[in-house]
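Laboratory data are not the source of any read-out in this text; all were calculated from the coordinates shown. Keep in mind the model is a prediction, meaning the values are calculated, not measured. Here the Cβ is made from the backbone with ideal geometry for all residues, glycine too, and neighbour counts use every protein chain on show.
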Amino acid sequence: MLEDLNFGNEIKGDFEGSVTATWVKLREDGAGMCKYKGKTYATKPLGYVSIQAGTRVEMSYADGVYYSRY
């Protein structure tokens, strides 16, 4: 991974574009926890309402950060 930075290669997330994930919970530190293909991701939530666990959300990756939108 460090070699990727040294050679200017783009570091990619676990998927391309946006995917449909399942909302798990909001952590105390404000990170949103989402599950996609059996793996749980810490995301930066882009929603402003409370949602229930199990709700389907859109999850994207950009610049080293996973985002969840609902």
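Peptide packing: for 22-35, 40-53, the average count of neighbouring Cβ atoms within 10 Å per residue gives the ranking 22-35, 40-53, highest mean first. Seen from Y66, the other residues with C-beta closer than 14 Å to its C-beta sum to a net charge of +3, counting Lys and Arg as +1 and Asp and Glu as -1. Put a dot 7 Å past the Cα of A31, heading toward its Cβ, do the same for Q52, and the two dots end up 2.7 nm apart.
Taking Cα pairs under 8 Å and at least six residues apart, what relative contact order does segment 2-69 come out at, in percent? This gives 33 percent for segment 2-69.
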